[in-house]
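Only one structure is covered here, and it is reproduced in the block below.
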Amino acid sequence: MRMTRCCALRWNATSRSSARLSARRSGVPQTADRITDEQRIIAFRNRLIHVYATVSHALVWDIVQTNLLRLRDEVAALLSEAAEEKG
């Protein structure tokens with residue numbers, strides 16, 4: 001199955017979000033705990049990075065369609081709260 005430009009852009013966004021979440025997980029556990037399925041996100045990010053050849057496009061597309069908007073909203077809320085705390 002060939003990835004469309006739209007799917008490729010979403011794929012990249014998913015990878016970037018997952019990498020950021022993984023990096024933040026080690027420093028601020030209480031924040032990461034507010035992300036739905038954060039352990040599954042980190043595990044999937046690791047799979048994408050290390051064994052990407054085994055990841056089906058259909059699986060990635062399903063994750064994008066069912067989970068990416070929720071993750072975006074949760075991260076946006078956390079960033080908004082962090083900005084308010086800084087002043």
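Could you please give the count of residues in region 30-49 that are assigned to a loop (DSSP other than H, G, I, E, B) and touching a residue at least 12 places away in the same chain (Cβ under 8 Å)?
So the answer is 4.
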So, in region 46-76, exactly how many residues are closer than 18 Å to Arg34 by Cα and surrounded by 12 or more Cβ atoms within 10 Å (Cβ to Cβ)? 7
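Bear in mind that the values in this text are calculations on the coordinates, not laboratory data. If you're wondering where the values come from, they're calculated on a predicted model, not measured in any experiment. Here Cβ is always computed from backbone atoms with ideal geometry, including for glycine, and neighbour counts include all displayed protein chains.
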